[in-house]
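Okay, structure first, notes after.
The values are calculated or read from the model by the stated rules, or taken from the named source; none is laboratory data. Not measured: the values here are computed from a predicted model. Note that each Cβ is placed from the backbone with ideal geometry, even for glycine, and that neighbours are counted across all protein chains shown.
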Amino acid sequence: MEHWRSLSRDELEQQYSPSRWSFRMAADNVIRAHVEALAAGTDKARSLSQTLLNVPYGESEGEKLDVYLPSTSSPDVPLLIYFHGGYWQFLSKEESGFLAVPLVQKGVVVVAVGYSIAPKAASVAESGHREVVLLTQALWVLLYCMQQRLHGNMDLMVSQVRRSVVSVIQQYSHISGLYLCGHSAGAHLAAMVLSTDWSQYNVSPQIKGAFLVSGIYDLQPILNTYVNEPLQMNQEVALRNSPNQFLSQLKVSSPYCDITVAVAQHDSPEFRKQSLEYFIALQSAGLRVSYEDVPDTDHFNIIEQLVDETYHLTKLLLKMMGKS
């Protein structure tokens, strides 16, 4: 189960550099295209639906939600909470409304969650190359300074997404069902939400379904890689924030949740192993879980295509919510 321990740092950094495994384009290009696709999809979602932007769920600047509302007048609708990826240090809720495009048309409320990402290190790069500069220099400096003031660590981010769920169920008490979706780092956060001891929050969310896409469920392999430079996790922090350590709690907190673990054909071998091993662990624990190995996709377009109602995973997500 811990085959990663036999890998060198260089090998681990290669394995945990998703853009280096894309079959469609070069690493820098696929990251740029990913951000552009998510942003374009979010712009489209905002043009198609009524939105409530920057709804606070906590006191800090980063603790806000964007809500995408369907046109239906019925209060009895399913609600999907989406947690964005970006290795806990980039992207935001501002590019995270794209999957609302097909969902709001089917009567689903979509909530994109913001959380306090970690500050990017000066060498923000996937191993072997420098990260593509996605913003102008002036804007980058401004955002970096903001992140330094509002930066998060892993414990904080997990706490924030849990509190975001509490806030959502308090604000939307008449929904027909609560569902989660997360991509990459967001899949990790969604899995941590499923594993929450809700007695600490004095609530009991009935999460009916969760869509975990190309996630990381054991944080230990990234401890000695570039990914951890801005996160600064030690072994203790990594273990207490690894979903694979909390299967018994998940079974108590979310025993009837339908969980889909999805992975891209062109995810790295380590990403694929993480997904398969987490699926097997959930299945062995007697939980309701399915596994989707999505052909002709990489770490990025596996989630980008949720903007399309004809996409395989979109259809599965709608089916999970009874909207197929």
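When you go through (1) at pLDDT 95 or above; (2) over 17 Å from the mean Cα position of the chain (by Cα) one by one for Thr196, which number turns out not to apply?
(2)
Please verify whether the stretch 211-219 includes one or more residues that are aliphatic (A, V, I, L, M), at pLDDT 95 or above and over 17 Å from the mean Cα position of the chain (by Cα).
Scanning the stretch 211-219, I find no residue that is aliphatic (A, V, I, L, M), at pLDDT 95 or above and over 17 Å from the mean Cα position of the chain (by Cα), so the answer is no.
On the basis of being over 18 Å from Asn224 (Cβ atoms) and either touching an Asp or Glu at 6+ places or on another chain (Cβ under 8 Å) or at pLDDT below 95 (or both), does Val55 make the cut?
yes
Select from the stretch 80-123 the residues that are under 23 Å from Met320 (Cβ atoms), of a type in the set (Val, Ile, Thr) and part of a loop (DSSP other than H, G, I, E, B) and list them in ascending order.
Val108
Can you pull out the residues in the stretch 176-213 that are part of a helix (DSSP H, G or I) and either among the hydrophobic types (A, V, I, L, M, F, W, C) or closer than 23 Å to Ala238 by Cβ (or both)?
Ala185, Gly186, Ala187, His188, Leu189, Ala190, Ala191, Met192, Val193, Leu194, Trp198, Gln200
Yes/no per residue for (1) surrounded by 15 or more Cβ atoms within 10 Å (Cβ to Cβ); (2) more than 16 Å from Val168 (Cβ to Cβ); (3) out of contact with any Leu (no Cβ under 6 Å at 6 or more places or on another chain):
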{"position": "Arg32", "(1), (2), (3)": "yes, yes, yes"}
{"position": "Val35", "(1), (2), (3)": "yes, yes, no"}
{"position": "Leu38", "(1), (2), (3)": "yes, yes, yes"}
{"position": "Arg46", "(1), (2), (3)": "yes, yes, yes"}
{"position": "Leu53", "(1), (2), (3)": "no, no, yes"}
{"position": "Val67", "(1), (2), (3)": "yes, no, no"}
